[in-house]
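Here the structure comes first, spelled out in structure tokens, and everything after it is commentary.
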Amino acid sequence: MHGGIGQSNLKCYPSNKIQPDMDPSFDQQKPGRSEEASGNVEAQSEENGIGCFGYILIFFSFLLVLVTFPVSIWSCIKIVQEYERAVIFRLGRVRSGAKGPGIFWILPCTDDFCRVDLRTVSFAVPPQEVLTKDSVTIMVDAVVFHRVISPIITVVKVDNANQATQMLAQTTLRNMLGTKSLTEILIDREEMADQMGKILYDATKEWGIKVERVEIRDVKLPSSLQRAMAAEAEAAREARAKVVAAEGEMNASRALREAAVIMSDSPAALQLRYLQTLSHISAEKNSTVIFPIPVEFLSLLSRN
């Protein structure tokens, strides 16, 4: 009989007592808080009456252990690891205090137990196709980290707490992203992850689960939207390049005007600039023929 619940997928978290109203500011380093409330739940379950027939069954079970000792000891001794706790059911009622780590005893035929894993569990939220506030369809996935803080509540109140947390995370992600625009989703990812973590914790603390961290892993945009955003970015870059080029032309024209004023005041400067240009042209390896003309001759032609 003890193998029925022990073979289930549930894994219990360490706690000897559990508070019915879990403190939202639960401290990981002080698990004793959650354990106190669990003891109250267990004590009430046991005190609500096993009945005379139940006590008779317990007596005969204990007698059976004594008669078959020491063979029966192998079915009575159970061991749980440091990261596990055992929630024991006696005649279908939860016994006070989750047991472990180490060795604990159960009575054959009357006791069942369930192992609960206390370690942090992570799961990936499948990519969710969401319509944002500004009518853009995107695919978003996330990662959620959670652990059990109340083994007895997790076992008694929820059927497969891990699966329930995963389904709740999917629904919460879809509902939250539907209220955000695409720009907000791309920019405020950390803030959205914190908000989602608070929503999940408020919902799962009644199940003895604490959501420790939520991370939005990836945001996938449709290919058509990616092309449109790329074209928009390219057009913006071209516009900025044209503005920079126009500013450069304006600055160059101002510099040329200032140079012309200076050269008009000094004809020798114009002659030197003319010779420098000829030297630059003659340095290139081509068949260009240069006929130097005195600058004074050009000035005479311009007067005519």
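The values are calculated or read from the model by the stated rules, or taken from the named source; none is laboratory data. Note that this is a predicted model, so its numbers are computed, not measured. Cβ atoms come from the backbone with ideal geometry, glycine included; neighbour counts cover every protein chain shown. Areas reflect the complete protein model, heavy atoms only, side chains present, ligands, DNA and RNA absent. Shrake-Rupley method; radii C 1.70, N 1.55, O 1.52, S 1.80 Å.
Remarks
- Couplings for the range 103-110, taken from phi via the Karplus curve 6.51 cos²θ - 1.76 cosθ + 1.60 with θ = phi - 60°, read 9, 9, 10, 9, 9, x, 6, 10 Hz in order; Gly and Pro are left as x.
- Per-atom-type breakdown for the range 97-170 gives carbon and sulfur 54% of the accessible area (1.4 Å probe, protein chains only).
- Averaged over its residues, the range 83-218 has an accessible area of 45 Å² per residue, based on protein heavy atoms and a 1.4 Å probe.
- Each 10 Å bin from zero holds the following percent of Cα-Cα pairs in the range 71-113: 30, 55, 15.
- As computed over the range 119-217, the Cα convex hull volume per residue (Å³): 78 Å³
- Per-residue Karplus couplings for the range 84-93, computed as 6.51 cos²θ - 1.76 cosθ + 1.60 with θ equal to phi - 60°, are listed in order as 10, 9, 10, 9, 9, 10, 10, 6, x, 10 Hz, Gly and Pro entered as x.
- Most to least accessible of CYS52, CYS109 (protein chains only, probe 1.4 Å): CYS52, CYS109
- For the peptides 239-252, 54-67, the ranking by mean Cβ contacts within 10 Å, running from highest to lowest, is 54-67, 239-252.
- Amide H to amide H, with H built 1.01 Å from N, ARG217 comes under 5 Å of ASP141, ALA142, VAL143, counting only residues 5 or more places away or on other chains.
- Neighbourhood charge, 13 Å Cβ-Cβ cut-off, centred on VAL143 and excluding it, Lys, Arg +1 and Asp, Glu -1: -1
- Label-point separation, THR277 to ASP159 (7 Å along Cα→Cβ), nm: 9.4 nm
- Phi to ³J(HN,Hα) by Karplus 6.51 cos²θ - 1.76 cosθ + 1.60 over the range 230-245, Hz, x for Gly, Pro: 5, 5, 5, 5, 5, 5, 5, 5, 5, 4, 5, 5, 5, 5, 5, 5
- Out-of-range pairs (alpha-carbon distance over 23 Å; input LYS133/LYS205; LYS133/LYS220; LYS133/LYS242; LYS99/LYS210; LYS180/LYS220; LYS180/LYS242): LYS133/LYS205; LYS133/LYS242; LYS180/LYS242
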